[in-house]
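Colleague: Dumping the structure here so I can ask a few things about it.
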Protein chains: 2
Amino acid sequence: MTDQRRYGISELAKEFDVTTRTLRFYEEKGWLTPLREGGRRVFSGKDRTRLRLILRGRRIGLSLEESVEIIDLYDSPAGTVGQATVLLERLDERRQALLDQRADIEAMLKSLQTVEQRVRATLNNESAGAADGGQSR
Amino acid sequence: MTDQRRYGISELAKEFDVTTRTLRFYEEKGWLTPLREGGRRVFSGKDRTRLRLILRGRRIGLSLEESVEIIDLYDSPAGTVGQATVLLERLDERRQALLDQRADIEAMLKSLQTVEQRVRATLNNESAGAADGGQSR
DNA sequence: AGCCCAATTGACGTTCACGTAAACGTTAAC
DNA sequence: GTTAACGTTTACGTGAACGTCAATTGGGCT
């Protein structure tokens, strides 16, 4: 009903372009918890989702530990009011960090745009150009 | 005229919240090239800017090598048309990578928002709530 | 001269995130 | 029935990005 699909280790590895070693490593760390079927690991749809989230965190430069921490926020038990309040604080921290990071990316994109314009200008002047090197800044 | 200011190693370290070891390491790798004044390193305003960019790259999860590569695009000599064309390609790659990364961040932000809403909903139901804990893990 | 403080150069240690190789077990195909 | 493909565990290796410690040096103060 929910997500009966099951995945072999290399199947998953191929889909997400990681090695089987990586998946075993993640299990070893407790970040993934596949079942066993006669020794062989069997990953569920939930495992698969979790893996996708971990890799998403990895792509933006989080440590795997951090990624998992965030993911565990995602399906945390809510629990008491006190717990929930703490959770909201953690969420806010994480959100702020992401916003900061996004700002860094925006800054980099702007830099790249600046460089690109300079390069294109150089290209347009290439016919009239002096052989001079000119200033870098 | 341009930026005469000079910086000592701990001065810079303090400003950017890194250790002096880090700055020495960056020099060792050739990513920073401070002058020497009787043995002591003297960093210029250019070095400082470079450092800021390196750390910006680091914050978004680039390897230091990658950061430097991008920075070197930033003040690359333009040179021939062929060089410029290659440069534009590299710029485009880098821009695409950054856009992808930004998308990952957006996705994470959305997830966090979803979790937050869920938690807040739980908080509002806390008065009518059963004492039951539900799932723990 | 004596001392402190900040800086220097090695050299080795550490953490993270896996890679790589060895030795072995199952299942399917030929 | 053996070989190939795929899986397992155990164990050691690796590259990046520094941390940490030792030994030393030079300037500044009193």
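The values are calculated or read from the model by the stated rules, or taken from the named source; none is laboratory data. Just so you know, these numbers come straight off a predicted model, no measurement behind them. Positions of Cβ are backbone-derived with ideal geometry, glycine not excepted, and every protein chain shown enters the neighbour counts.
Colleague: I'd like to check something: does the range B:81-99 contain any residue that is closer than 16 Å to A:Leu112 by Cβ and touching a Phe, Trp or Tyr at 6+ places or on another chain (Cβ under 7 Å)?
Modeller: no
Colleague: Which condition does B:Thr85 not pass, out of (1) more than 15 Å from the chain's Cα centre (by Cα); (2) away from DNA strand C (no atom under 16 Å from the Cβ); (3) within 10 Å of chain A (Cβ to nearest Cβ); (4) modelled with pLDDT of 95 or more, if it passes all the others?
Modeller: B:Thr85 satisfies every listed condition except (4).
Colleague: OK, next. List the pairs whose first member sits in the range B:29-47 and is away from chain A (no Cβ under 14 Å), whose second member is part of a loop (DSSP other than H, G, I, E, B), and whose Cβ atoms are under 7 Å apart, counting only residues at least 6 apart or on separate chains?
Modeller: Between residues of the range B:29-47 that are away from chain A (no Cβ under 14 Å) and residues that are part of a loop (DSSP other than H, G, I, E, B), the close pairs are B:Arg41/B:Pro34; B:Val42/B:Pro34; B:Phe43/B:Pro34.
Colleague: Something else: Conditions first: (1) within 16 Å of DNA strand D (Cβ to nearest atom); (2) of a type outside the set (Gly, Ala, Ser); (3) farther than 22 Å from A:Ile54 by Cα; (4) under 17 Å from the mean Cα position of the chain (by Cα). B:Glu37 passes all but one, so which condition is the exception?
Modeller: Among (1) within 16 Å of DNA strand D (Cβ to nearest atom); (2) of a type outside the set (Gly, Ala, Ser); (3) farther than 22 Å from A:Ile54 by Cα; (4) under 17 Å from the mean Cα position of the chain (by Cα), the lone unmet condition for B:Glu37 is (4).
Colleague: Cβ-Cβ distance below 9 Å, separation of 6 or more or different chains: which pairs start in the range B:107-118 with a residue that is facing another protein chain (nearest Cβ under 7 Å) and in a helix (DSSP H, G or I) and end on one that is surrounded by fewer than 17 Cβ atoms within 10 Å (Cβ to Cβ) and polar (S, T, N, Q)?
Modeller: none
Colleague: Look through the range B:91-137, keep the residues that are of a type in the set (Ser, Thr, Tyr) and surrounded by fewer than 16 Cβ atoms within 10 Å (Cβ to Cβ), and return whichever of them is modelled with the lowest pLDDT. Please lay out each step first, then the result.
Modeller: Going through the range B:91-137, the residues of a type in the set (Ser, Thr, Tyr) turn out to be B:111, B:114, B:122, B:127, B:136.
Keeping just the survivors that are surrounded by fewer than 16 Cβ atoms within 10 Å (Cβ to Cβ) gives B:114, B:127, B:136.
Values: B:Thr114: 94, B:Ser127: 55, B:Ser136: 40.
The qualifying residue modelled with the lowest pLDDT is B:Ser136.
Colleague: Taking the condition buried (at least 19 other Cβ atoms within 10 Å of the Cβ), without any contact (Cβ under 8 Å) to a residue 24 or more places away in the chain, more than 9 Å from every other protein chain (Cβ to nearest Cβ) and under 26 Å from B:Lys110 (Cβ atoms), does A:Arg56 pass?
Modeller: Here the answer is no, as A:Arg56 does not meet what is asked.
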